[in-house]
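The values are calculated or read from the model by the stated rules, or taken from the named source; none is laboratory data. What you see is a predicted model; the values in this text were computed from it and never measured. No Cβ is skipped: glycine too gets one built from the backbone with ideal geometry, and neighbour counts run over all protein chains shown.
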Amino acid sequence: MATIIVTDSSAHIPAEFIEEHGIEVVPFHISFEGEDFLEGEKYSHQEFYRKIGNCRRFPTTSQPSVGEFIKVFTRTAPGDRILGIFMSSALSGTVQSARMAAEYVKDRNIIIYDSLSSTLGLGFQVLKACECIKKAHDNIMEEVMAVRDRIRLFFLVDNLENIVRSGRLPKALGVIGDWLGIRPILTVRQGQLVLYDKVRCKRKGLQRLVSDFENAAKKAIIERVGIAHVDAAGEAESLRQMLSKVYQGSIIVSEAGPAVGLHIGSGGLALIYY
(Lines give C-alpha, C1' and ligand atoms only; values in the text may rest on other atoms or scores of the structure.)
Protein backbone atom coordinates (compact mmCIF):
# COMPACT_ATOMS: atom_id res chain seq x y z
CA MET A 1 0.00 0.00 0.00
CA ALA A 2 1.55 3.27 -1.17
CA THR A 3 1.08 6.88 -0.11
CA ILE A 4 0.56 9.19 -3.08
CA ILE A 5 0.95 12.97 -2.89
CA VAL A 6 -1.33 15.07 -5.10
CA THR A 7 -1.17 18.85 -5.50
CA ASP A 8 -2.12 21.51 -8.03
CA SER A 9 0.02 23.46 -10.47
CA SER A 10 0.09 26.58 -8.29
CA ALA A 11 2.66 24.86 -6.03
CA HIS A 12 5.50 25.80 -8.42
CA ILE A 13 7.60 22.82 -7.36
CA PRO A 14 10.66 22.44 -9.61
CA ALA A 15 10.45 19.49 -12.02
CA GLU A 16 13.32 17.60 -10.44
CA PHE A 17 11.48 17.37 -7.10
CA ILE A 18 8.25 16.30 -8.80
CA GLU A 19 10.09 13.49 -10.57
CA GLU A 20 12.10 12.47 -7.50
CA HIS A 21 9.05 12.10 -5.26
CA GLY A 22 6.48 11.01 -7.87
CA ILE A 23 4.19 13.93 -7.05
CA GLU A 24 0.91 14.05 -9.00
CA VAL A 25 0.30 17.63 -10.17
CA VAL A 26 -3.21 18.54 -11.37
CA PRO A 27 -3.10 21.67 -13.57
CA PHE A 28 -5.32 24.72 -13.52
CA HIS A 29 -7.34 25.68 -16.60
CA ILE A 30 -6.51 28.83 -18.56
CA SER A 31 -8.95 30.62 -20.87
CA PHE A 32 -7.26 33.03 -23.26
CA GLU A 33 -8.67 34.70 -26.38
CA GLY A 34 -10.94 31.80 -27.31
CA GLU A 35 -8.47 29.11 -26.28
CA ASP A 36 -8.86 26.81 -23.29
CA PHE A 37 -5.83 24.85 -22.16
CA LEU A 38 -4.09 23.46 -19.10
CA GLU A 39 -1.48 25.49 -17.28
CA GLY A 40 1.99 24.77 -18.62
CA GLU A 41 0.85 22.39 -21.36
CA LYS A 42 0.34 24.53 -24.46
CA TYR A 43 2.71 27.39 -23.70
CA SER A 44 5.68 27.70 -21.42
CA HIS A 45 5.07 30.24 -18.67
CA GLN A 46 7.38 32.73 -20.38
CA GLU A 47 5.64 32.29 -23.75
CA PHE A 48 2.27 32.84 -22.12
CA TYR A 49 3.29 36.02 -20.30
CA ARG A 50 4.75 37.45 -23.50
CA LYS A 51 1.55 36.66 -25.43
CA ILE A 52 -0.82 38.39 -22.99
CA GLY A 53 1.01 41.71 -23.36
CA ASN A 54 -1.15 42.60 -26.36
CA CYS A 55 -4.30 40.60 -25.59
CA ARG A 56 -7.69 42.27 -25.97
CA ARG A 57 -9.38 40.39 -23.12
CA PHE A 58 -7.74 39.53 -19.83
CA PRO A 59 -7.20 35.75 -19.46
CA THR A 60 -9.06 33.84 -16.76
CA THR A 61 -8.19 30.80 -14.71
CA SER A 62 -10.26 28.04 -13.12
CA GLN A 63 -9.50 25.18 -10.77
CA PRO A 64 -9.30 21.52 -11.85
CA SER A 65 -12.68 19.86 -12.14
CA VAL A 66 -14.13 17.13 -9.93
CA GLY A 67 -13.81 14.70 -12.84
CA GLU A 68 -10.12 15.45 -13.28
CA PHE A 69 -9.47 14.71 -9.63
CA ILE A 70 -11.43 11.47 -9.86
CA LYS A 71 -9.20 10.38 -12.76
CA VAL A 72 -6.06 11.14 -10.76
CA PHE A 73 -7.34 9.40 -7.63
CA THR A 74 -8.42 6.26 -9.50
CA ARG A 75 -5.03 5.90 -11.23
CA THR A 76 -3.75 4.72 -7.87
CA ALA A 77 -4.30 1.19 -6.57
CA PRO A 78 -7.26 0.32 -4.33
CA GLY A 79 -6.20 0.66 -0.72
CA ASP A 80 -3.58 3.32 -1.43
CA ARG A 81 -3.44 6.36 0.78
CA ILE A 82 -3.76 9.67 -1.10
CA LEU A 83 -2.74 12.95 0.49
CA GLY A 84 -3.97 15.95 -1.49
CA ILE A 85 -2.46 19.32 -0.56
CA PHE A 86 -3.84 22.29 -2.47
CA MET A 87 -3.95 26.07 -2.82
CA SER A 88 -5.74 27.98 -0.08
CA SER A 89 -9.51 27.55 -0.23
CA ALA A 90 -9.79 31.34 0.24
CA LEU A 91 -7.98 31.85 -3.09
CA SER A 92 -9.32 28.97 -5.18
CA GLY A 93 -12.05 26.32 -5.31
CA THR A 94 -9.48 23.54 -5.77
CA VAL A 95 -9.88 22.12 -2.25
CA GLN A 96 -13.65 21.93 -2.73
CA SER A 97 -13.30 20.13 -6.08
CA ALA A 98 -10.88 17.61 -4.58
CA ARG A 99 -13.14 16.95 -1.59
CA MET A 100 -16.12 16.35 -3.87
CA ALA A 101 -14.04 13.95 -5.98
CA ALA A 102 -12.94 12.02 -2.88
CA GLU A 103 -16.60 11.24 -2.16
CA TYR A 104 -16.71 9.20 -5.39
CA VAL A 105 -13.56 7.19 -4.66
CA LYS A 106 -14.39 5.17 -1.55
CA ASP A 107 -11.78 2.41 -1.91
CA ARG A 108 -8.84 4.75 -1.29
CA ASN A 109 -7.91 6.48 1.94
CA ILE A 110 -8.02 10.10 0.74
CA ILE A 111 -7.07 13.08 2.89
CA ILE A 112 -7.68 16.55 1.42
CA TYR A 113 -5.67 19.29 3.09
CA ASP A 114 -6.00 23.07 2.76
CA SER A 115 -2.51 24.59 2.64
CA LEU A 116 -3.84 28.09 3.39
CA SER A 117 -1.13 29.22 0.98
CA SER A 118 -0.03 29.23 -2.64
CA THR A 119 3.09 29.11 -4.83
CA LEU A 120 6.05 27.66 -2.87
CA GLY A 121 4.16 28.22 0.39
CA LEU A 122 2.05 25.32 -0.86
CA GLY A 123 5.03 23.64 -2.50
CA PHE A 124 7.06 23.51 0.71
CA GLN A 125 4.20 21.76 2.51
CA VAL A 126 4.06 19.20 -0.29
CA LEU A 127 7.81 18.62 -0.08
CA LYS A 128 7.60 18.16 3.70
CA ALA A 129 4.98 15.45 3.16
CA CYS A 130 7.27 13.77 0.63
CA GLU A 131 10.19 13.87 3.07
CA CYS A 132 8.03 12.30 5.78
CA ILE A 133 7.01 9.47 3.45
CA LYS A 134 10.62 8.84 2.44
CA LYS A 135 11.67 8.66 6.10
CA ALA A 136 8.65 6.48 6.99
CA HIS A 137 7.32 8.97 9.55
CA ASP A 138 3.92 8.16 11.05
CA ASN A 139 2.89 11.74 11.84
CA ILE A 140 2.92 13.16 8.31
CA MET A 141 -0.02 15.51 8.77
CA GLU A 142 1.31 16.91 12.03
CA GLU A 143 4.62 17.76 10.38
CA VAL A 144 2.90 19.33 7.37
CA MET A 145 0.67 21.40 9.65
CA ALA A 146 3.74 22.61 11.54
CA VAL A 147 5.20 23.88 8.26
CA ARG A 148 1.91 25.55 7.36
CA ASP A 149 1.95 27.42 10.66
CA ARG A 150 5.51 28.66 10.07
CA ILE A 151 5.31 29.63 6.38
CA ARG A 152 5.99 33.27 5.56
CA LEU A 153 4.93 34.31 2.07
CA PHE A 154 5.35 37.79 0.57
CA PHE A 155 4.53 39.11 -2.89
CA LEU A 156 6.24 42.22 -4.24
CA VAL A 157 4.01 43.47 -7.02
CA ASP A 158 5.62 45.34 -9.91
CA ASN A 159 2.49 46.43 -11.76
CA LEU A 160 -0.81 47.18 -10.03
CA GLU A 161 -2.96 46.64 -13.14
CA ASN A 162 -3.52 42.90 -12.65
CA ILE A 163 -4.27 43.26 -8.94
CA VAL A 164 -6.94 45.83 -9.83
CA ARG A 165 -8.36 43.58 -12.56
CA SER A 166 -8.60 40.68 -10.12
CA GLY A 167 -10.60 42.82 -7.70
CA ARG A 168 -8.00 42.69 -4.94
CA LEU A 169 -7.24 46.42 -5.08
CA PRO A 170 -9.59 49.39 -5.71
CA LYS A 171 -9.17 50.91 -9.17
CA ALA A 172 -8.60 54.44 -7.82
CA LEU A 173 -5.84 53.23 -5.52
CA GLY A 174 -4.25 51.40 -8.42
CA VAL A 175 -4.15 54.57 -10.55
CA ILE A 176 -2.72 56.66 -7.71
CA GLY A 177 -0.27 53.91 -6.80
CA ASP A 178 1.09 53.71 -10.33
CA TRP A 179 1.34 57.50 -10.58
CA LEU A 180 3.26 57.78 -7.30
CA GLY A 181 5.39 54.73 -7.99
CA ILE A 182 3.95 52.90 -4.96
CA ARG A 183 4.46 49.16 -4.94
CA PRO A 184 2.47 47.01 -2.52
CA ILE A 185 3.94 44.10 -0.61
CA LEU A 186 1.26 41.48 -0.06
CA THR A 187 1.22 38.53 2.31
CA VAL A 188 -1.09 35.61 3.06
CA ARG A 189 -2.84 35.48 6.42
CA GLN A 190 -5.32 32.73 7.31
CA GLY A 191 -5.21 31.75 3.66
CA GLN A 192 -6.19 35.18 2.36
CA LEU A 193 -4.15 37.69 0.38
CA VAL A 194 -3.76 40.93 2.36
CA LEU A 195 -1.67 44.09 2.20
CA TYR A 196 1.55 43.85 4.23
CA ASP A 197 3.21 47.16 3.38
CA LYS A 198 3.67 49.80 0.67
CA VAL A 199 7.00 50.98 -0.71
CA ARG A 200 7.91 53.75 -3.14
CA CYS A 201 9.94 51.64 -5.56
CA LYS A 202 10.86 48.04 -6.24
CA ARG A 203 14.41 48.45 -4.93
CA LYS A 204 13.07 49.47 -1.52
CA GLY A 205 10.65 46.57 -1.66
CA LEU A 206 13.48 44.10 -2.20
CA GLN A 207 15.44 45.66 0.65
CA ARG A 208 12.40 45.36 2.93
CA LEU A 209 11.94 41.68 2.07
CA VAL A 210 15.58 40.91 2.76
CA SER A 211 15.59 42.93 5.99
CA ASP A 212 12.51 41.11 7.30
CA PHE A 213 14.04 37.77 6.29
CA GLU A 214 17.28 38.56 8.09
CA ASN A 215 15.35 39.45 11.26
CA ALA A 216 13.36 36.22 11.04
CA ALA A 217 16.56 34.19 10.58
CA LYS A 218 17.96 35.68 13.79
CA LYS A 219 14.96 34.47 15.76
CA ALA A 220 14.61 30.92 14.41
CA ILE A 221 16.33 28.40 12.16
CA ILE A 222 15.16 28.78 8.56
CA GLU A 223 14.68 25.36 6.93
CA ARG A 224 13.67 26.28 3.38
CA VAL A 225 13.76 29.42 1.27
CA GLY A 226 12.24 29.96 -2.15
CA ILE A 227 11.66 32.68 -4.71
CA ALA A 228 8.90 32.58 -7.31
CA HIS A 229 8.75 35.12 -10.13
CA VAL A 230 6.39 36.17 -12.90
CA ASP A 231 8.55 36.56 -16.02
CA ALA A 232 11.26 38.24 -13.93
CA ALA A 233 14.16 35.79 -13.84
CA GLY A 234 16.78 38.55 -13.64
CA GLU A 235 15.18 40.23 -10.64
CA ALA A 236 14.64 36.85 -8.98
CA GLU A 237 18.37 36.20 -9.31
CA SER A 238 19.13 39.63 -7.84
CA LEU A 239 16.92 38.81 -4.86
CA ARG A 240 18.61 35.42 -4.49
CA GLN A 241 22.01 37.10 -4.39
CA MET A 242 20.81 39.60 -1.77
CA LEU A 243 19.49 36.78 0.40
CA SER A 244 22.70 34.78 -0.03
CA LYS A 245 24.59 37.51 1.83
CA VAL A 246 22.58 36.78 4.98
CA TYR A 247 21.66 33.10 4.45
CA GLN A 248 24.03 30.25 3.65
CA GLY A 249 21.49 27.57 2.72
CA SER A 250 20.10 26.68 -0.69
CA ILE A 251 17.41 28.88 -2.25
CA ILE A 252 14.90 27.47 -4.71
CA VAL A 253 14.00 29.76 -7.62
CA SER A 254 10.85 28.90 -9.57
CA GLU A 255 8.76 30.58 -12.25
CA ALA A 256 5.14 31.18 -11.25
CA GLY A 257 2.48 29.87 -13.61
CA PRO A 258 -0.62 31.78 -14.78
CA ALA A 259 -2.89 30.57 -11.94
CA VAL A 260 -0.87 32.82 -9.61
CA GLY A 261 1.02 35.02 -12.06
CA LEU A 262 -2.05 36.50 -13.76
CA HIS A 263 -3.15 38.04 -10.47
CA ILE A 264 0.28 39.19 -9.32
CA GLY A 265 1.26 40.54 -12.73
CA SER A 266 4.37 40.48 -14.89
CA GLY A 267 7.50 41.38 -12.94
CA GLY A 268 6.04 40.19 -9.63
CA LEU A 269 8.22 38.38 -7.11
CA ALA A 270 7.39 36.14 -4.18
CA LEU A 271 9.63 35.31 -1.24
CA ILE A 272 8.70 32.22 0.75
CA TYR A 273 10.40 30.69 3.78
CA TYR A 274 9.90 28.83 7.04
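Quick grid of which residues meet (1) at pLDDT 95 or above; (2) more than 25 Å from L153 (Cα to Cα):
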{"residue": "M1", "(1), (2)": "no, yes"}
{"residue": "A15", "(1), (2)": "yes, no"}
{"residue": "G34", "(1), (2)": "no, yes"}
{"residue": "F48", "(1), (2)": "no, no"}
{"residue": "V66", "(1), (2)": "yes, yes"}
{"residue": "I70", "(1), (2)": "yes, yes"}
{"residue": "F73", "(1), (2)": "yes, yes"}
{"residue": "R81", "(1), (2)": "yes, yes"}
Take the conditions in a loop (DSSP other than H, G, I, E, B) and touching a residue at least 24 places away in the same chain (Cβ under 8 Å) and apply them to G226. Does it pass? no
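For region 21-54, how many residues meet the condition of being among the charged types (D, E, K, R), under 27 Å from D114 (Cα atoms), surrounded by fewer than 20 Cβ atoms within 10 Å (Cβ to Cβ) and in contact (Cβ under 8 Å) with a residue 24 or more places away in the chain? Even if it seems obvious, please write down each step before you answer.
Let us first name the residues in region 21-54 that are among the charged types (D, E, K, R), namely 24, 33, 35-36, 39, 41-42, 47, 50-51.
Applying the additional criterion that residues be under 27 Å from D114 (Cα atoms) yields 24, 36, 39, 41.
Now restrict to residues that are surrounded by fewer than 20 Cβ atoms within 10 Å (Cβ to Cβ): 24, 36, 41.
Now restrict to residues that are in contact (Cβ under 8 Å) with a residue 24 or more places away in the chain: 24.
Qualifying residue count for the region: 1.
What residue, of V157, V144, is assigned by TED's automatic domain parsing to the domain that holds Q125, in contact with a strand residue (DSSP E or B) (Cβ under 9 Å, 6 or more places away or on another chain) and either at pLDDT 85 or above or more than 28 Å from L127 (Cβ to Cβ) (or both)? Reasoning before the result, please.
Working: V157 fails: assigned by TED's automatic domain parsing to the domain that holds Q125.
Result: V144 is the single residue among V157, V144 that is assigned by TED's automatic domain parsing to the domain that holds Q125, in contact with a strand residue (DSSP E or B) (Cβ under 9 Å, 6 or more places away or on another chain) and either at pLDDT 85 or above or more than 28 Å from L127 (Cβ to Cβ) (or both).
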